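Reading through the structure tokens given below for one structure.
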Amino acid sequence: MAEWGARLRPWVVPLLLLAALELYARTVAAGSDAIAPPSAALLAWFGALRDGSLWQATLFTLGSAALGLLIASALGIAGGLLLGLSPRADNSSLLTIELLRPIPSVALIPLAMLVFGFGVRMETAVIAFAAFWPMLILTRAAVRQVEPRLLEVSRVLGLSAWQRGWKIVLPACVPRLFVALRLGVAIALVVAVTVEIAANPHGMGYAMMIAQQSLDPALMLAWLGWIGVVGFAVNAAMLRLERSVRR
């Protein structure tokens, strides 16, 4: 019984909030073009599921986010290893990093549209830019915190810089790298939806905008809730992957 109570406890606050929103939408905001009860949003979600638009938009957003994150992770981890192992490279790139890192990713949307047009490539480019910087900075910090004696042993063994990074530094950084990766996943999903709302006529963000412009608050709320569910599921998958890799 206590076990079931512990499992159900995290759901108490979300269910209370949904009940309060249902009551508010059906009483105070009845007939509003901006607020819909969660029950109506659930029906609209089933409608999007039946006509296939739900999976089409979801797969586009997740695919773009995954591709952008993959590019950002490959470049960010490689760059972080280099900067963490080489003080000279770190000092040489410091000014460039500090100039480019503060640029908001959404400010690159006009440039990305000119270069790539609409579609996956434009969205992927903006996502990769946004997720690259936390991957780079956190990887560099993780490398700096590796036990110095491990690096001394690698030098005594005559390992090359590549072997040192792959066999010594990278395994020692795995827990911290997963922190960077989880942050990158969250950023990639947020930026993907933002790009779709602002410029790209595809994906979950665009579907939510179409619902808003059609004055369909139930469908708009359904998409908003679904984006939250997708983000929760992706984060849970990352936590499970992290536990598996650590073991």
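The values are calculated or read from the model by the stated rules, or taken from the named source; none is laboratory data. None of these values were measured; they are calculated from a predicted model. Heads up, the Cβs are rebuilt from the backbone with ideal geometry, glycines too, and the neighbour counts pull from every protein chain shown. Accessible surface is based on the protein model in full, side chains and every heavy atom, while ligands, DNA and RNA are left aside. Shrake-Rupley method; radii C 1.70, N 1.55, O 1.52, S 1.80 Å.
For the pair residue 210 and residue 27, how long in nm is the line joining their label points, each one 7 Å along Cα→Cβ?
3.6
Roughly how far apart, in whole Å, are the Cα centres of segment 96-131 and segment 139-161?
34
In a shell of Cβ-Cβ distance under 12 Å around residue 170, excluding residue 170 itself, what net charge do Lys and Arg (+1) and Asp and Glu (-1) give?
For residues surrounding residue 170, the net value is +3.
Taking the Cα centre of segment 1-117 as origin, sum charge times position over the Cβ atoms of Lys and Arg (+1) and Asp and Glu (-1), and report the length of that vector in debye to the nearest 20. All intermediate terms of the calculation are to be shown ahead of the outcome.
Values: 6 positive and 6 negative charges, 29 e Å.
Taking the Cα centre of segment 1-117 as origin, the dipole is about 140 debye.
Taking 8 Å as the Cα distance limit and 6 or more residues as the minimum spacing, I'd like the relative contact order of segment 1-124 as a percentage.
Reported as a whole number, the value is 16 percent.
Counting heavy atoms of the protein chains only and a 1.4 Å probe, report the per residue accessible area for segment 21-111 as a whole number of Å².
Ligands and nucleic acids excluded, the result is 59 Å² per residue.
Determine the per residue accessible area of segment 125-174 with all protein chains present and a 1.4 angstrom probe, expressed in square angstrom.
Averaged over the residues of segment 125-174, the accessible area is 54 Å².
Want the number for residue 144 to residue 9: 0.36 nm per residue separation, take away the alpha-carbon distance, what's left?
Additional length available on full extension: 44.6 nm.
Measuring from centroid to centroid over Cα atoms, what is the spacing of segment 182-247 and segment 19-42 in Å?
So the separation of the two Cα centres works out to 22 Å.
Among (i) 18.0, 53; (ii) 22.3, 75; (iii) 24.9, 75, which is the computed Rg and Dmax of the Cα atoms in Å?
Structure-derived value, by its label: (ii).
Take the solvent-accessible surface of the protein heavy atoms, probe 1.4 Å, and return the percent of it on segment 1-137 that carbon and sulfur atoms account for. Walk me through the numbers before you get to the answer.
Working: 6240 of 8400 Å².
Carbon and sulfur together cover 74 percent of it.
If contacts are Cα pairs under 8 angstrom and at least 6 residues apart, what is the relative contact order of the chain in percent?
With pairs under 8 Å counted, the relative contact order is 27 percent.
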